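Here's the structure, in structure tokens; my notes come after.
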Amino acid sequence: MSDARMNGAESLVGTLASGGVAACFANPGTSEMHIVAALDREKRMRCVLGLFEGVVTGAADGYARMAGKPACTLLHLGPGLANGSANLHNASRAHTPIVNIVGQHARGHLHFDTPLKSDIEGIARPYADWLRTSSDSVALGRDAAEAMATARALPGGIATLIVPADVAWGDGGVVAEAPELRAARATDARAVTRAAAMLRSRVPTCLLLSGNALLGSGLAAAGQIVAATGAKLLAPYPFARMGRGGGAPVVERIPYIFEQAAGLLKEFRQMILVGAEIPRSYFAHPVKESVPVAAGCEVFTLASPGEDYASALIALAAELGLREGATDSRGALADSGSRRVERPGTPSGAISIAGLAVAVGAVLPDDAIVVDESMTSGRGLMDATARVGPHDWLANTGGSIGIAMPLAVGAAVACPERRVLCLSADGSGMYTMQALWTMAREGLNVTVVVYANRVYGVLKREFSGLGIGEPGEKALSMFEIGRPDLDWVSLARGMGVPGTRAGSLEEFVTALRAGFTGAGPSLIQVDL
């Protein structure tokens, strides 16, 4: 029964909070003021302001990846949604659960065709697994509950709820019951039997893991399987979250560069997909193939999206006669004795890409969260940190750059007791550097490392690899981002984040340690 004393906005916010949504990342406008007022009175939900909508959507992504439940966003009309769409694209590729709230003009105002009127549903549709424009204040709470249920259903997705201003301010709102989680589909027992037979054949085999197969009990089961069969664990280049270190099984990431990916995969004659898709290049090439998998390799799907990948791996381990063991959240077996930690030695000398990777491995705190968008300058990072203390690694799943700093914001809000290391290139960092201001305002324990090579390094390499000659002056001007050089220390300080430059590996290690032990955010600029 509706409550005439409650408006639609209050029922929306109350339903979200009752359903466990504890964080709202927001950049609201005039059409969302009644939702802002409802949030102001809701003690169960934290509100975090982003100064650009790409920060808002990326932070909601990072929060949900680490919290295991959705955050909500609050965006202003179609242009606000459009500004946030790049990181919604990334979140959709990560299967991240997000309840995306977008304001709309009051329905009676739309015919005036005011400047901010737009096709909001059209903008939302490419990155929405569920999309609705609410039409009734009484039904708005129910709409919110359905959005939550859809977002949380495996493998996870984005539910976009568009709320006209008059629906938000209208009376008769009802807080809907929290939705029940939809059970994951069980993996077909025949698929488990077939995968076990493939592994028993001793033909060179890899397991390509995604989703919760890269975490906790799923990762532990995968580790047992490869230890018993000699298979290899791989992850796609674009993965959402991976548990690493502290005795967890080592999973090798398929390289971005086609030749390197093909070189890694050439030995395998069988590939078992666990929540993942067959690897392929990000872009077409006039001569090269698009799929780096070796010719003749049998590709078999053990678990598809919407199934519980961890349960599929546990079932596979049982089919192989392996005992299930208790694990921690990163897949390390609880009964495996002391955790194996193999930190590299602290490096010294001039700045180098290899030395920077070793430095991160030498000082990364236990239980850290690493957010990585350092494609060119981050080579060697995963190898250098594979056997250090336990940590989580978050990556860019959709290829749209500018995700690292917003993702770090969300991860830090979700896990305030853990340290976050954000690794960003200077070019991608400029897309969403407003996230630094949010880190400062919220006092988030994020250490940001900006690799300042003053170039879109991937684009220069891609140009050269097409066989169309060397880039000329105009082409180079579109790849190089110097003249003037970006001063990240000044940019950070201007947004309230203390910054420093590291001119040697010793200075880099010192700055990292200070960031990991200090309160609040910090930034380190490394010139390459």
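The values are calculated or read from the model by the stated rules, or taken from the named source; none is laboratory data. Only a predicted model underlies this, so the values are computations on that prediction, with no experimental measurement involved. Every residue, glycine among them, receives a Cβ derived from its backbone with ideal geometry; neighbour counts consider all protein chains shown.
Restricting to region 279-331, give me the number of residues that are within 30 Å of F258 (Cα to Cα), acidic (D, E) and at pLDDT 95 or above.
Final tally of qualifying residues: 1.
Residues in region 483-492: is at least one touching a Ser or Thr at 6+ places or on another chain (Cβ under 7 Å), farther than 30 Å from A284 by Cα and either free of Cβ contacts under 8 Å to residues at least 24 places away in the same chain or β-branched (V, I, T) (or both)?
Yes, region 483-492 has at least one match.
Does any residue of region 59-72 turn out to be over 17 Å from the mean Cα position of the chain (by Cα) and either β-branched (V, I, T) or closer than 20 Å to T397 by Cβ (or both)?
Looking for residues that are over 17 Å from the mean Cα position of the chain (by Cα) and either β-branched (V, I, T) or closer than 20 Å to T397 by Cβ (or both), one finds none in region 59-72, hence no.
For region 87-134: of the residues being of a type in the set (S, T, Y) and in contact with a helix residue (DSSP H, G or I) (Cβ under 7 Å, 6 or more places away or on another chain), which is nearest to E177 (Cα to Cα)?
Out of the qualifying residues, it is S134.
What do you reckon, is A165 surrounded by 22 or more Cβ atoms within 10 Å (Cβ to Cβ), more than 21 Å from I98 (Cα to Cα) and either of a type in the set (A, V, I, L, M, F, W, C) or without any contact (Cβ under 8 Å) to a residue 12 or more places away in the chain (or both)?
In short, yes.
Condition test on L219, is it closer than 29 Å to G399 by Cβ and either in a strand (DSSP E or B) or of a type in the set (K, R) (or both)?
no
Residue under question is S118, and the condition is that it be in contact (Cβ under 8 Å) with a residue 40 or more places away in the chain, farther than 29 Å from Y309 by Cβ and either charged (D, E, K, R) or buried (at least 24 other Cβ atoms within 10 Å of the Cβ) (or both); does it hold?
No; evaluated as a whole, the condition is false for this residue.
Among the residues in region 99-110, are any in contact with an Asp or Glu (Cβ under 7 Å, 6 or more places away or on another chain), under 22 Å from L51 (Cβ atoms), outside any loop (DSSP other than H, G, I, E, B) and at pLDDT 95 or above?
Yes, the conditions are met somewhere in region 99-110.
Being within 22 Å of Q434 (Cα to Cα), modelled with pLDDT under 90 and aromatic (F, W, Y) is true for just one of Y456, Y451. Which residue is that?
Exactly one residue qualifies, and that residue is Y456.
Can A176 be described as of a type outside the set (K, R), surrounded by fewer than 22 Cβ atoms within 10 Å (Cβ to Cβ) and within 30 Å of D308 (Cα to Cα)?
no
Please go through region 95-115 and give me each residue that is farther than 16 Å from T150 by Cα, touching a residue at least 40 places away in the same chain (Cβ under 8 Å) and among the hydrophobic types (A, V, I, L, M, F, W, C), ordered by number.
Within region 95-115, V102, A106 qualify.
So is G157 under 22 Å from the mean Cα position of the chain (by Cα), outside the structural domain of S92 (by TED's automatic domain parsing) and at pLDDT 95 or above or not?
Judged against the criteria, G157 is not a match.
Given the condition closer than 20 Å to M382 by Cβ and part of a helix (DSSP H, G or I), answer yes or no: does some residue in region 223-236 qualify?
yes
Please indicate, with yes or no, whether at least one residue in region 465-480 is aliphatic (A, V, I, L, M) and closer than 30 Å to R441 by Cβ.
no
Only residues that are in contact (Cβ under 8 Å) with a residue 24 or more places away in the chain and assigned to a loop (DSSP other than H, G, I, E, B): list them for region 47-94, please.
Within region 47-94, G50, L51, F52, K69, P70, H76, G84, A94 meet the criteria.
I'd like to know if region 371-381 contains one or more residues that are touching a strand residue (DSSP E or B) at 6+ places or on another chain (Cβ under 9 Å), of a type in the set (D, E) and closer than 21 Å to A86 by Cα.
yes
Being touching a residue at least 40 places away in the same chain (Cβ under 8 Å), among the charged types (D, E, K, R), buried (at least 24 other Cβ atoms within 10 Å of the Cβ) and not in a helix (DSSP H, G or I): is that true of D366 here?
No: the conditions fail for D366.
In region 145-152, is there at least one residue being touching a Gly at 6+ places or on another chain (Cβ under 6 Å), charged (D, E, K, R) and within 23 Å of Y63 (Cβ to Cβ)?
No: region 145-152 contains no residue that is touching a Gly at 6+ places or on another chain (Cβ under 6 Å), charged (D, E, K, R) and within 23 Å of Y63 (Cβ to Cβ).
Quick one: in region 294-312, which of the residues that are farther than 8 Å from L273 by Cβ and touching a Gly at 6+ places or on another chain (Cβ under 7 Å) is surrounded by the most Cβ atoms within 10 Å (Cβ to Cβ)?
Y309
Which one is farthest from the chain's Cα centre (by Cα) among residues in region 1-33 that are at pLDDT 95 or above and of a type in the set (D, E)?
Restricting to residues being at pLDDT 95 or above and of a type in the set (D, E), the top hit is E10.
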